[in-house]
Amino acid sequence: MNYLLTFFKTLLRDMNVPDGAANSIAIFSCLIVLFLVARAAHWLTRRILAKVVHQFVSKTKTQWDDFLVKRKVFSALAHLSSAFLLYYTHDFSDSEFISSFLLGLSRIYFIGIFTLFAVRFANAANDIYQTTPYAANRPIKGYIQLLQILIICISIIFVISILIGKSPLFLIGGLGAIAAVLLLVFKDTILSLVASIQLSANKMLKPGDWIAMPSHNADGTVIDISLNTVKVQNWDKTITTIPTYALVSESFNNWVGMEESGGRRIKRSVNLDMRSVRFCDQALLDKLNRFYLLKDYLQQREKEIKEHNKKLNIEEGDVYNGRRQTNLGIFRHYLENYLRQHPKIHQDMTFLVRHLQPSEKGLPLEFYVFSKDQEWAKYEEIQADIMDHVLAILPEFGLRIFQSPSGNDITDLLNQAITPIQKNA
């Protein structure tokens, strides 16, 4: 560089430029030439490197090098030619300040290249890891982001040490005095790091899981897990962002257990009017005997009841002392048989048809079963079909659904009360 500086000085003196101005103009001209050459070296290196890398990647069968190209890892190395050029041409014999400036700039440039290379390589490593079978259960994106933060922080420490002319160890030693401030600034990051470790170690969450977290209005599929946030795509296609540490400090439902079990719970109940529950007379029994789901049950049950009454010397027509069947008991058995023969109901999982606690809203009759189909639309169709059938078949057993009176019911009652009065008037 000194040869170029001497050339510019000689040229300016031949043009009768004063020595002071000639020295400043020569230094400025050398800096312009230096930065232009450095820029050209970077452009040429990037073109050559891109061509060589492209040829190499196209010949390999592995996929990891494709991710390195996608993340532009090799493009970061193209800056080395410019950095080395600045480093080896920083000596300006006539200006110590310019020499120190170029030396510091070249060192900062090297640090920036290392930081850019390390950050991009970490992203490529995460992409490569995503192709492995372990990625489905143990995402490492949070750890990758933490590593990138550490790399950037270390790079900043080295840059500051170059600018102030102190050793990096001096700055690192001084960090102890501001540790409390750093803990306050990076509080969320530290909490998220601990939470991501717990989520991964305990296998609480992974991309693709269906979770529900009402406190954050989240109900959908996990699409991304990072160091600070977890993104959930809800069923209405909106995206909810949840702090990672909130998944540990608060409760959420993970439906992956349901998906892996092979069944999906159907828990529905109908409220029956308790005044419609009664003993079955012979006419009702004869009617219900026509149901193929009840025929064998009714015959066996009637036989047991007759034998029981006979042992106690209870006459067949004695309705007060003898055992008798109820329409509700028969219907409960009918519903159980109906669900047993349903092709979409899982027979090897929890299967219940039961009464719940009676209330002022009637007697709840609940069926608690699992469908074989877990897909949302088909699951809803299955339980809707069952409810349709239950509501439609109840009157055949002499049972009524309990329903609070509506405006139409009150209007009908008033009309029934007014009509005789109008006729007598």
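Scanning segment 77-90 for any residue that is loosely packed, with under 15 Cβ neighbours inside 10 Å and either among the β-branched types (Val, Ile, Thr) or part of a helix (DSSP H, G or I) (or both) turns up at least one such residue.
Going through ASP348, ASP373 one at a time, which residue ends up being surrounded by fewer than 19 Cβ atoms within 10 Å (Cβ to Cβ), in contact (Cβ under 8 Å) with a residue 12 or more places away in the chain and within 24 Å of TRP255 (Cα to Cα)? Break it down stepwise before answering.
On the way: ASP348 fails: in contact (Cβ under 8 Å) with a residue 12 or more places away in the chain.
After ruling out the rest, the residue left standing is ASP373.
Out of the residues in segment 230-250 meeting the condition of being among the hydrophobic types (A, V, I, L, M, F, W, C) and surrounded by fewer than 17 Cβ atoms within 10 Å (Cβ to Cβ), tell me which one is nearest to the chain's Cα centre (by Cα). Outline the logic, then answer.
Filtering segment 230-250 down to residues among the hydrophobic types (A, V, I, L, M, F, W, C) leaves 230, 232, 235, 239, 242, 246-248.
This time we only want the ones that are surrounded by fewer than 17 Cβ atoms within 10 Å (Cβ to Cβ), so: 235, 239.
Details: TRP235: 12, ILE239: 9 Å.
Checking each candidate, the answer is ILE239.
Can you pull out the residues in segment 186-223 that are in contact with a Phe, Trp or Tyr (Cβ under 6 Å, 6 or more places away or on another chain), open to solvent by less than 30 Å² (accessible area, probe 1.4 Å) and either within 17 Å of GLN130 (Cβ to Cβ) or not β-branched (Val, Ile, Thr) (or both)?
Within segment 186-223, the subset in contact with a Phe, Trp or Tyr (Cβ under 6 Å, 6 or more places away or on another chain) is 191-192, 195, 210-211, 213, 220-221.
Retained after the next criterion (residues that are open to solvent by less than 30 Å² (accessible area, probe 1.4 Å)): 192, 195, 210-211, 213, 220.
Matches in segment 186-223: SER192, ALA195, TRP210, MET213, GLY220.
Under the condition of being within 18 Å of ILE401 (Cβ to Cβ), under 46 Å from the mean Cα position of the chain (by Cα) and among the hydroxyl-bearing types (Ser, Thr, Tyr), the residues counted in segment 255-280 number 1. In the set (1) in contact (Cβ under 8 Å) with a residue 40 or more places away in the chain; (2) open to solvent by less than 70 Å² (accessible area, probe 1.4 Å); (3) of a type in the set (Val, Ile, Thr); (4) closer than 30 Å to VAL256 by Cβ, the condition left unmet by THR131 is number (2).
Out of ILE48, ILE113, one residue alone is part of a helix (DSSP H, G or I) and surrounded by 15 or more Cβ atoms within 10 Å (Cβ to Cβ). It is ILE113.
Per the listing ALA384, ALA392, the residue uniquely open to solvent by 50 Å² or more (accessible area, probe 1.4 Å) and of a type in the set (A, V, I, L, M, F, W, C) is ALA392.
Let's see how each residue does on (1) in contact (Cβ under 8 Å) with a residue 40 or more places away in the chain; (2) basic (Lys, Arg):
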position: THR238; (1), (2): no, no
position: ILE242; (1), (2): no, no
position: LYS267; (1), (2): yes, yes
position: LEU293; (1), (2): yes, no
position: GLN299; (1), (2): no, no
position: LYS306; (1), (2): no, yes
position: GLY322; (1), (2): no, no
position: LEU328; (1), (2): yes, no
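Could you list, in sequence order, all residues of segment 353-370 that are open to solvent by 60 Å² or more (accessible area, probe 1.4 Å) and closer than 18 Å to ASN337 by Cβ? Within segment 353-370, ARG354, HIS355 meet the criteria. Filtering ALA41, ALA26, ALA21 for residues that are crowded, with 16+ Cβ neighbours inside 10 Å and at pLDDT below 70 leaves a single hit, ALA26.
Residues in segment 216-230 that are closer than 21 Å to LEU147 by Cα and of a type in the set (D, E, K, R): ASP224 only.
The values are calculated or read from the model by the stated rules, or taken from the named source; none is laboratory data. Source: prediction; values computed, not measured. Using ideal geometry, Cβ is built from the backbone for each residue, glycine included, and neighbour counts are taken over all protein chains shown. Side chains are part of the model used for accessible areas, which takes the heavy atoms of the whole protein and leaves out ligands, DNA and RNA. Shrake-Rupley method; radii C 1.70, N 1.55, O 1.52, S 1.80 Å.
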